[in-house]
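Trainee: My questions will all concern the structure given below.
The values are calculated or read from the model by the stated rules, or taken from the named source; none is laboratory data. Since this is a predicted model, take the numbers as computed values, not measurements. Here Cβ is always computed from backbone atoms with ideal geometry, including for glycine, and neighbour counts include all displayed protein chains. Accessible surface is based on the protein model in full, side chains and every heavy atom, while ligands, DNA and RNA are left aside. Shrake-Rupley method; radii C 1.70, N 1.55, O 1.52, S 1.80 Å.
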Amino acid sequence: MAARDLSGARVAVLGGSGALGSLIARELSVRGSKVLLVGRDADRLRAAADGGMPTVVITDVGDAAAGDKVLEAAREHLGGLDGFVNAAGVVAFGPLVETPDAVLEELFLTNVVGPLVLLRRLLPTLIESQGFVAQVSAVVAERPLPGMVAYSASKAATSAVATALRTELRRAKVDVHDIRPPHTETGLASRPLSGSAPALPPGHRPDDVARRIVDALADREHDLPAAAFGEPPR
């Protein structure tokens, strides 16, 4: 399969204010893509937009109208849409029995339901452009862990969306990427919705992970497991 030319590609990055999402967006921009940053933290989005990525959409992924806002901005500022990267995510730790109901709801709204509703709005345009979808989940999607039951389940759902959607969109020639990075030093573990992070080994550098993800988009690697990122630098 021929490589995808990312130069000039119009790509929306959900979670664009996050450590990994902003770096994915930056790497796409370096390779010539026109990037739309999507997130709810206005200050961090604008900070990430400095240096050549001025188009931002400030919205909460839990808002059912988020997809319409993204689509409108993509058409107005980019002239359309060729790709969507879902890099949004929150985390929670602790035994399931100690995890509040509200935290369970927030985990699945942010990690699964919100992005799914947003993507549904974008799909007709991505089908028209024969573009791509990238679902960034986590290593726990393939190796669920105790003390992270709900988080593991939400990331497994994110991965399942990619697996099923890839087959669903095959005839439409839309690439769907299932990306499951290993533990990465994004700082997310220090900002859980509840609980405290267990002792974790040193993780990968976020810029290395972002670069590997964008390589996969260009090379049309549809399945990118944690092992594909190699060992973290020591």
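Trainee: Lys/Arg Cβ at +1, Asp/Glu Cβ at -1, dipole of the chain taken about the Cα centre: which of Leu188, Gly203, Ser154 is farthest positive-ward?
Mentor: Working it through, the farthest residue towards the positive pole turns out to be Gly203.
Trainee: Explain nothing, just the number: relative contact order of the chain, from Cα pairs under 8 Å at least 6 residues apart, as a whole percent.
Mentor: Contact order relative to length: 21 percent.
Trainee: Turning to a different aspect of this structure: Using the Kirkwood radius over C-alpha pairs as Rh, can you work out the diffusion coefficient of the chain via Stokes-Einstein at 4 °C, viscosity 1.567 mPa s, in µm² per second?
Mentor: D = 74 µm²/s.
Trainee: Something else now. Heavy atoms of the protein only, probe of 1.4 Å, neighbouring chains included. What is the accessible area of Glu72 in Å², nearest 10?
Mentor: So the heavy atoms of Glu72 present about 120 Å² to solvent.
Trainee: How large is Rg/Rh for segment 155-220, to two decimals, with Cα atoms and a Kirkwood Rh?
Mentor: 1.07
Trainee: Just reorder Asp43, Asp68 by solvent-accessible area, largest first, 1.4 Å probe, all chains present.
Mentor: Asp43, Asp68
Trainee: Going Cα to Cα from Lys69, which aspartates and glutamates come in below 20 Å? Please leave out same-chain ones fewer than 8 positions away.
Mentor: Asp41, Asp43, Asp60, Asp82, Glu128
Trainee: When the Cα centres of segment 125-149 and segment 27-41 are compared, how far apart do they sit, in Å?
Mentor: Centre-to-centre (Cα) distance: 18 Å.
Trainee: Taking only the alpha carbons of segment 42-133, what extent do you get along each of the three principal axes, in Å, biggest first?
Mentor: That works out to 48, 30, 20 Å along the principal axes.
Trainee: Let me ask something else. Restricting everything to alpha-carbon atoms, can you work out Rg to Rh for segment 62-192 with a Kirkwood hydrodynamic radius?
Mentor: Checking Rg against Rh, the ratio lands at 1.00.
Trainee: Here's a follow-up. Which ³J(HN,Hα) values in Hz, rounded to whole numbers, follow from the phi angles of segment 75-88 under the Karplus curve 6.51 cos²θ - 1.76 cosθ + 1.60, where θ = phi - 60° and Gly and Pro get x?
Mentor: Once rounded to whole Hz, the list reads 5, 6, 9, 10, x, x, 8, 10, x, 9, 10, 9, 10, 7.
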